[in-house]
Each structure stands twice: as structure tokens, then as C-alpha cells.
């Protein structure tokens, strides 16, 4: 790119925000830019990007064709001037932003990583070191499967230390934001892995990366009286230029993941950094005057140190540090009271006051944001002591980290409660996990809903009920179970639709269920629904099994074992009936009744006045310690009945004949019975929802939650 400086400044001007992508060869820097251009073409992202030099178009084409190529240039960098409109979440809808996305040659980056210093007074403008020195935000790019990761970390740590020193000497009062991007995350996926599991894997890798840099961050402590700013390493991002090829995912759904969020936060950090630079009045000068600034910085530092030996300044600084640390400690304590729902203002009343709880958290966060003076301001009555010196002290940094840890938990809990519809809905926090029943929600709607959740609540994978008071957990669990029931109903409707499609004549046969079993190995239509169900179910039960896999395993069994030793019958007192004979269970193949299991009453009935029911125990007629066993194969017939007497000596029957599938009739034993006369068909009787059998000792296989009520004739 000849005369590159003149060409790009003519397009966007000298005040464009500068975002430098820095990394070793093959790290994926160019692909990230191409993915951003590709994602910006999707209206759903909210980005409006004008590629002024048309250079990103070629990069986007490479990403689309999955044909990455190394970016090499004699000038070490390729600036891409753009004008864009931020997405709504940034709070600047419609605002045009000029920016330079600067891609660097990996070999040049490697040379800079190994250099003894970053700047050179005789180096001509346009080189990588120049752009790094003038960056508003620096993005360190590391592949998720980097083979030389330890070497890379060591070089990055050394490089950032050099950068910190030289920018500090150049009197960069506000700390340069540095983002750590984990790229090529699609390589972490396994072909049989779900979307949620892949995201968990990416998050684990991000956390591992962040922990490895923790030692470096802890080494960034600066003497309390230092006059200069620091490099600030931000949390890592996991990105994938193409979404991983996950189980059941169609090829056209392999869109960029995490790229928009990375660049959005990068630009926000760059704008904030640029604003701090303006307020401080100490902008970075051009490279030709860098040595003079370094010298001036060194002289200024010496003068500052001599001035700050003043006892009054030292006392002012000491007092300010103690007060700021105490303020964060108070914030942490108040935050923990809200986190644990022990705030006195939340006590009293019935249930959890979700809305007032959320408002108190918002008030606390607003108080934190409003209370912090500008770092460049001088403390009252002080000489050279600035608020920056207070903020950089270890006592304040630790107190702030403690508060931020609590704040993160509060944010997650507010998001969870909002997603479940327990807090008044807002455009920023809609109730996306408050799932309505069919037909208002279907399995086909799971994919767009899952995408909205990922965009609106990116921390959803980290939500948990651990550590919450029991009364709070109960309300959250109740809301989760309501959504779970409606999700399962939508899944059941999708499965019923398949059965109806495959059996237009309306016959339920073993072959039909075999076909469903084979489909459940990789049901494309349930892919997104499956991920959404896992997200909801794991919140109330972290060990919850995949409902699709449970259903497949059930259908894969050729027979089911039933064991019965002690049964308990529950009868509502309002029915005014009592057992008047033996409980009989009939098992047959076709019309041939092969087995009849008889159970007799054992002991006295037990009344429960609180529930207004009476319980009767039944044991095998041949002996109360015996266990009746039968082997049930799909399609067998099984039902039960029990003679009853009403309070006026009328004969009645309980008949257990209700089940979701005629192929799996053993479910009848644990469903409510019908009450009818002996000369009536059971279906003509009344279904008694409050009555039923429970298996006190024995086993009746559980029908999977995804089993629909099979009605094949539409």
C-alpha cells in the first residue's frame, strides 16, 4: 500500500478510532476482519458498516469460501478505513463512527515481540510499532489451539510490559485498553457436540487463557505515586470465524460467533480511552517527537516524586486510599445483602419482591458509576496527587475487585429473574425464558429464541441457583418448571407431528415407534429446541438428562421389567368410596390374558385430614413379602381394576386404563383411575385426578417426558 497514510486519512480523517489486531502468524487476524464484514451484512446484527477502501470485501469473501490466506505486506500493516453505525446495545443508535481496523503482518508482529524496545526515532511512519504506539485499543489474537501457547503468553507479557513502559513515559495518562481474543474456537468442537456444550468448552478455554495472564496482571502493580497510566488487560473473548460444525447443525448456519461482540467492545473501549485522552490534555504526539516526550516524561516523573515527598501530599493520598477502599467495602456489603436477599428493605410481605429488588440493584450500580471522579483530576488541597494514584493503589484495586465480583453475581441473578418474567420486562431484559404453551410456542420457534437469548443474555450459560436462599430458589424453580412443561409440550407436538406424518392411516404400530427411534438419533427439527430445553432444565437440575436422548434410550429397549410388591392407593374423602375386594392387574398379549396379578389389602386404612384423603396398602395375594414380576413388550395390553363400595352400599369400580401410548400401557398403573359402575365402560366413567396408585415397593418404568398423547387421526 503506497502512501498508505495519505490514502486512509483522506477517507476517514486523522481522528478515526484506531483498533490494532496484533498476533503471531496464522493467529486469525485477517479472518476476524473478514468475519466482521460478513456478519455486518446480516441485518439482525445491528451493524451498519461502510468499507471505504473495499479491502474488507475480499477478506469477507475468503471467510465465506472458507479459504483463509495470510496477510503479508512490506509495510507491516494494512489499515482498513470504515464508517459504521453502532448496534443499539451501545447506546448510540444512528451515530456514525470513523474507525481504522489495522491488520498486521504476523512476521512483523513476531519481530516486535522479540524486540528490545518498541519505538525507534529513525523508524519511518507507517510501520507496526508506530500504529501500536498510536492505538486506541489493542487486540491480542491467540488461536484456541495454539501449539506454542506458553511461548506466546511469555512474549505477550514481555511485549505488554514494554508497551506499558513506553506509553507511560510518553505521558499516556489514561490506561490503554488491551483485549485478549481467543480465535478459531470452531476447532474446539467435536462433531457430536451440542451448541451449549461447545459454548461451555469455549468459556473454559477463555477462563484458562485469562488465568494464565493473571500472573502478568498481578505484576502490573505501580508505585502509588506514579504519575503515568497503565496498559489494562480486559477479559478474554472466544470467537469463531465460522460456527463449529455441531451435531445436527445445517451447513448454512455456520455463521461467525462472538465477532460482533469483540469489535463492539473494542470500539467502546477505544472511544472511552480517546475521551480520557482529551480530558487529560496529553494526547500522544507523532512518532518524530516521541523521544522528546519520553525525556519530558522522565523529567516530569522525577519532579513529581520530589514534590510528592511532601508529608501533606502523602497524608492526603493515604486518607483518600483508605476512604475509597472503605467505599468499595460498603458497596460490597450492600451488594451481598441484595445478592442473598437479606436487605432489610426487602423483608416482609409475601413472596420475593423481585421488582423492588432489581430497582435497588440499579440504584446501587448508578451510585457506583456517579461517585467516581475523573482519574486525571487532582485531589482537593493536594499538589500532584491525582485520583489515578488512588485508583491504582493495591488496596483500592482489591476492594474494587471484591465489589465487582458481587456485582457480577447480581447482574446474573437480575438477568435470570428478568428472563423468567419475574421482573417487569424492559427492552434490555425481556422475559425470553418465560415459555408459553403451544400453540403460542412451537419447536420451530426455538432457534430464533435461542439466538435472542445468546445476544440479550450472553451470560446465560453461567446462570445458577447455587447459593440462593430456599424461598428464592423455590420461586425461581417454579418459574423454570412452568417453562419446562411448556417446552416439553412443544417437543411432544413436534414428535406427534412426525408420527402422524408417518402413519396417515392412523395406526400405532411397533414399526412406527422404531422409525421414531431412528429419527431421534439426530433429529434436525429438534436441534435448537433440544439446546433450549437443556438450558432451562439444567438451571433447576444441573444433572438433568437430555430429554431427546432419554426418549431414544427408552424406545431402544425391546422389553421393560415391571416389579410390584407394595402398592398404596390414595382415595379422596369426598368420593365416599372404599375398596371392596382385590386389586387386579391384567397383562395380555393381544386378546389372550396370560397373567392376572391379585393384590389384597394390608393393614388398616390411614386417614390424612390435612389432604382430605385416605390411603390403603395393597400387597401380593400370595404373600406380603413376595414380589410380582412381569416382562412387558411394546404392544402388550395391561390394565387394572378394583371393586369399590359407596357409603350407601352401591357397587363401583376403579379402572386404570389411561395412557399416552397404546404401545406402552404399563403407564396406566401410575395414572389416575376412572370411577364407573360395573355395567359401564371405563371410558364412560369419571377421571378422578386426586386418586391413584403409588408404587411403594417395586418398579414401574417411567415414560419419558417427550412421549406425546398419541392421537394419530388428525
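Where a number appears in this text, it was derived from the coordinates with a stated rule and is not lab data. Just so it is clear, the model here is predicted, and its values are computed rather than measured. Note that we place each Cβ from the backbone using ideal geometry, even for glycine, and neighbour counts take in every protein chain shown.
At-a-glance table
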read-out: Fewest-first sequence of 676, 61 by Cβ atoms within 10 Å of each Cβ; value: 61, 676
read-out: Cubic angstrom per residue, convex hull over Cα atoms of the range 630-696; value: 106
read-out: Debye intensity ratio I(q)/I(0), log10, the range 308-418, q values 0.14 Å⁻¹ (C-alpha model); value: -0.64
read-out: Which of 183, 596 has the fewest Cβ neighbours within 10 Å, and the rest in rising order; value: 596, 183
read-out: In Å, descending, principal axis extents of the Cα set of the range 387-456; value: 59, 21, 17
read-out: Residue 697-residue 521 pseudo-label distance in nm [points 7 Å out on the Cα-to-Cβ vector]; value: 4.3
read-out: Pair-distance profile P(r), taking every C-alpha pair of the range 560-699, with 5 angstrom steps and integer %; value: 2, 10, 19, 24, 21, 14, 7, 2, 0
read-out: Sorted by Cβ density within 10 Å, fewest first, the residues 185, 201, 104; value: 201, 104, 185
read-out: Inter-site label distance for residue 461 and residue 428 at 7 Å from Cα along Cβ, in nm; value: 2.4
read-out: Rg to Rh quotient for the range 443-555, alpha carbon positions, Kirkwood Rh; value: 1.04
read-out: Using a Förster distance of 35 Å, the FRET efficiency for residue 604-residue 481 (Cβ separation, nearest 0.05); value: 0.45
read-out: Label-point gap, in nm, between residue 546 and residue 326 - each point 7 angstrom along Cα→Cβ; value: 5.6
